[in-house]
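Structure first, then comments.
The values are calculated or read from the model by the stated rules, or taken from the named source; none is laboratory data. Predicted, not measured: the structure shown is a model, and the values here were computed from it. Cβ sites come from the backbone with ideal geometry, for glycine too, and all protein chains shown count toward neighbours.
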Amino acid sequence: MGLNDGTSIRRAPHSCLRSLMATFCSSLCRRYPEPGKHIVYDTLDLETVPLNGGFFSRRSSSPSTHMRGQMREAHIPSYMPAFPMGEPIYGAGIGAVLCSEHSDIKASDHVTGLIPHQQYSVVKVAPPLRKIENPHHLPWSFVLGVLGMPGQTAFMGWSECSRAKKGETVFLSAGAGVVGSLVIQLAKMDGYKVIASVGSDEKSLIHERMRSRCRIQL
Ligand SMILES: NC(=O)c1ccc[n+]([C@@H]2O[C@H](COP(=O)([O-])OP(=O)(O)OC[C@H]3O[C@@H](n4cnc5c(N)ncnc54)[C@H](OP(=O)(O)O)[C@@H]3O)[C@@H](O)[C@H]2O)c1
């Protein structure tokens, strides 16, 4: 068996773990997920689970609004494929590798990419996952937030699309959303006065924390 250190199967210190928990299955969910229907619990013996050249990881997930559109019947066209019925839904996430037979990925590595929404996953064939280098020891959650898709969306939107000119005031709708709150911070770092709209008192508190100088509550 091909192993990452060439000697023996490397099992993580979590070898007493025997649960593969909470698989979010893709059957159409109109309101809240129901245990047993949309959330399925299963068990797995980490000491014996076949890795088949892959690796075993614990995931941190980042559910995104676009995933709602993937929960639909497959015949309905859209810009993202429908989630296959009865299989785990997938999305951007981080996998903390517990044990591995993969030649490029070893235990304690962290990987990111589209991975199943399962608390623990055996990844058998390497999908387009990227190993995360973290030389500054940043919180891993940053990879899904400020350094991930929301941060990249905010950065590209602000730097490439805003066309803001020095001295102008920036107005932002959905200012308390993931992307909006990051755009506010980028605009403020560039020295702009920012006015943003939010939909509730609770959300306006987020603005106070970011010290956007003015706000409109809708
Ligand atoms: N997150 C990403 O990585 C990403 C990537 C690419 C594109 N996008 C796009 O960027 C936009 C923001 O995404 P997000 O992740 O920041 O979403 P989010 O955190 O869910 O924030 C969206 C906010 O939009 C506001 N909103 C909802 N309906 C509205 C309406 N009819 N008019 C004005 N505001 C409305 C709501 O805030 P209030 O209740 O405070 O009004 C809501 O909280 C979305 O269009 C999303 O598709 C996001």
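Residue pairs whose Cβ atoms lie under 7 Å apart, separated by 6 or more positions or on different chains, with the first residue in region 195-206 and farther than 15 Å from Q185 by Cα and the second more than 6 Å from the ligand (Cβ to nearest atom) and of a type in the set (S, T, Y), are V198/S204.
Of the numbered criteria (1) modelled with pLDDT under 95; (2) outside any loop (DSSP other than H, G, I, E, B), the one R163 fails is (2).
Just wondering, is there one or more residues in region 115-128 that are farther than 30 Å from V40 by Cα and of a type outside the set (A, V, I, L, M, F, W, C)? Please lay out each step first, then the result.
Step one: of region 115-128, the residues farther than 30 Å from V40 by Cα are none.
The answer is no, given that none of the residues of region 115-128 is farther than 30 Å from V40 by Cα and of a type outside the set (A, V, I, L, M, F, W, C).
Each row is one residue, and each column tells you yes or no for (1) at pLDDT 90 or above; (2) of a type in the set (A, V, I, L, M, F, W, C).
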residue: S64; (1), (2): no, no
residue: M71; (1), (2): no, yes
residue: A74; (1), (2): yes, yes
residue: E87; (1), (2): no, no
residue: G91; (1), (2): no, no
residue: Y120; (1), (2): no, no
residue: R130; (1), (2): no, no
residue: H136; (1), (2): yes, no
residue: T153; (1), (2): yes, no
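Identify the residue in region 23-65 that is within 16 Å of the ligand (Cβ to nearest atom) and of a type in the set (S, T, Y) and, among all such residues, is farthest from T153 (Cα to Cα).
The initial filter retains those residues of region 23-65 that are within 16 Å of the ligand (Cβ to nearest atom), namely 60-65.
Imposing the further condition that a residue be of a type in the set (S, T, Y) reduces the set to 60-62, 64-65.
On the way: S60: 20, S61: 18, S62: 15, S64: 13, T65: 14 Å.
Checking each candidate, the answer is S60.
For region 28-43, a residue qualifies if it is of a type in the set (A, V, I, L, M) and either without any contact (Cβ under 8 Å) to a residue 12 or more places away in the chain or surrounded by 15 or more Cβ atoms within 10 Å (Cβ to Cβ) (or both), and the qualifying residues are I39, V40.
Condition check: β-branched (V, I, T), assigned to a helix (DSSP H, G or I) and either closer than 30 Å to P33 by Cβ or in contact with a helix residue (DSSP H, G or I) (Cβ under 7 Å, 6 or more places away or on another chain) (or both). Does V122 satisfy that? Spelling it out, it is not the case that V122 is β-branched (V, I, T), assigned to a helix (DSSP H, G or I) and either closer than 30 Å to P33 by Cβ or in contact with a helix residue (DSSP H, G or I) (Cβ under 7 Å, 6 or more places away or on another chain) (or both). Each residue in region 63-106 was checked for being part of a loop (DSSP other than H, G, I, E, B) and either without any contact (Cβ under 8 Å) to a residue 40 or more places away in the chain or within 25 Å of G36 (Cα to Cα) (or both), and 21 pass.
Among residues of region 30-49 being among the hydrophobic types (A, V, I, L, M, F, W, C) and in contact with a Lys or Arg (Cβ under 8 Å, 6 or more places away or on another chain), the one that is nearest to M71 (Cα to Cα) is L44. Among the residues of region 117-174, those identified as among the hydrophobic types (A, V, I, L, M, F, W, C), within 16 Å of the ligand (Cβ to nearest atom) and touching a Gly at 6+ places or on another chain (Cβ under 9 Å) are F142, L144, A154, L172, A174. Just one of (1) outside the structural domain of G54 (by TED's automatic domain parsing); (2) touching a strand residue (DSSP E or B) at 6+ places or on another chain (Cβ under 7 Å) fails for V123. It is (1).
Taken over region 186-201, the residue count meeting the criterion of being within 25 Å of the chain's Cα centre (by Cα) and within 13 Å of the ligand (Cβ to nearest atom) is 2.
Filtered by the rule that a residue be modelled with pLDDT of 85 or more and under 25 Å from R130 (Cβ atoms), region 12-52 gives P50, L51, N52.
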